[in-house]
């Protein structure tokens with residue numbers, strides 16, 4: 001019996017749905033939405049919870065803070081002004097972004113939420129998303145597997161949990177309705193959401209890769225009832241070449257200790273990709289494995305130089321192919 005496939009949602013009192021009012025009109029998950037995975041359950045079954053608990057002893061304050069932020073995000077939905085503003089002026093948006101950066105956010109993007117990115121059975125109040133990332137320090141992550149790397153992971157989880165709630169307070173005080181969604185225990189699958197916001201592109205390891213930090217970051221969001229955010233779509237994203245790079249790179253595939261990353265990304269019946277085998281990943285993840293982050297060329301290299309080199313190589317390859325086929 002696979003517990004992580006039976007229990008797909010957090011306790012009801014930590015769920016946003018539990019705090020919605022009768023007059024709310026939430027955006028529900030789409031017909032192709034993925035089921036959420038409660039990581040502790042898969043670790044219990046396929047990983048070593050004992051190892052995880054041992055490794056996480058020093059990060060207990062951050063873990064507790066992350067859980068509290070998750071609960072606060074849900075409970076304080078009742079604080080929305082309801083008859084709020086639906087248009088944000090340039091000065092207020094600038095002030096909001098400045099505040100986010102001051103709190104420790106690394107990147108900001110905006111997009112419309114694809115309902116298929118909402119986990120199955122979950123709901124969000126608004127479909128305009130402010131997407132946020134927080135860098136995980138490279139030096140700390142390159143020490144993985146280690147307590148230092150684990151601490152850095154939980155620092156960003158707890159940090160983003162606190163930040164989305166503070167941004168929600170900022171917005172509500174100014175008359176805006178919003179729904180904060182923390183990195184730990186959030187309501188949506190954040191990598192494709194951030195990809196739609198043009199912050200980066202999803203690599204073969206299933207992680208969002210950005211020019212600034214590679215895959216070394218965590219992602220959260222605030223859903224806002226504002227109709228004039230500077231949203232972007234997947235068509236606006238200039239980083240999608242990363243996907244083509246990953247197809248010929250395969251460094252994370254080769255170095256994954258659990259052989260959990262598919263060399264050929266699978267396409268599921270719902271048409272969406274599956275990048276890793278969670279059951280193979282879990283035993284190593286429970287021991288603080290972050291290999292798919294630490295070996296990625298995008299955490300170690302210069303994004304612009306890599307892009308130029310890749311484009312030059314692809315141009316040469318296409319030129320040769322044209323010559324061969326013209327004969």
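Checking residue 9 against (1) modelled with pLDDT under 85; (2) part of a helix (DSSP H, G or I): exactly one of these is not met. Which one?
For residue 9, the failing item is (2).
Which members of segment 25-41 meet the condition of being out of contact with any strand residue (DSSP E or B) (no Cβ under 9 Å at 6 or more places or on another chain), more than 25 Å from residue 267 (Cβ to Cβ) and modelled with pLDDT of 90 or more?
Passing the criteria: only 25.
Within segment 251-258, is even one residue part of a helix (DSSP H, G or I) and under 21 Å from the mean Cα position of the chain (by Cα)? Talk me through it step by step, then tell me what you get.
Let us first name the residues in segment 251-258 that are part of a helix (DSSP H, G or I), namely 251-255.
Adding the requirement that they be under 21 Å from the mean Cα position of the chain (by Cα) leaves 252-253.
Yes, the conditions are met somewhere in segment 251-258.
With the requirement that a residue be surrounded by 19 or more Cβ atoms within 10 Å (Cβ to Cβ) and more than 27 Å from residue 70 (Cα to Cα), what does segment 204-248 give you?
Answer for segment 204-248, where residues must be surrounded by 19 or more Cβ atoms within 10 Å (Cβ to Cβ) and more than 27 Å from residue 70 (Cα to Cα): 204, 237, 242, 245, 246.
How about segment 267-310: which helices (runs of 4 or more DSSP H) wholly inside it have at least 2 residues that are surrounded by 15 or more Cβ atoms within 10 Å (Cβ to Cβ) and more than 20 Å from the chain's Cα centre (by Cα)?
On the way: elements: 278-285, 291-294, 297-300.
Here the list reads 278-285.
May I ask you to verify whether residue 278 is modelled with pLDDT under 95, over 19 Å from residue 132 (Cβ atoms) and in contact with a strand residue (DSSP E or B) (Cβ under 6 Å, 6 or more places away or on another chain)? Working first, answer last.
Working: modelled with pLDDT under 95: yes; over 19 Å from residue 132 (Cβ atoms): yes; in contact with a strand residue (DSSP E or B) (Cβ under 6 Å, 6 or more places away or on another chain): no.
The answer is no for residue 278.
Checking residue 114 against (1) modelled with pLDDT of 95 or more; (2) closer than 20 Å to residue 207 by Cβ; (3) in contact with a strand residue (DSSP E or B) (Cβ under 8 Å, 6 or more places away or on another chain): exactly one of these is not met. Which one?
Only one criterion in (1) modelled with pLDDT of 95 or more; (2) closer than 20 Å to residue 207 by Cβ; (3) in contact with a strand residue (DSSP E or B) (Cβ under 8 Å, 6 or more places away or on another chain) is unmet by residue 114, namely (3).
If I filter segment 58-83 down to residues being in contact with a helix residue (DSSP H, G or I) (Cβ under 8 Å, 6 or more places away or on another chain) and assigned to a loop (DSSP other than H, G, I, E, B), which single residue comes out as nearest to residue 169 (Cα to Cα)?
80
The values are calculated or read from the model by the stated rules, or taken from the named source; none is laboratory data. For clarity, every value in this text was computed on a predicted model and none was experimentally measured. Glycine also receives a Cβ, built like all others from the backbone with ideal geometry; neighbour counts cover every protein chain displayed.
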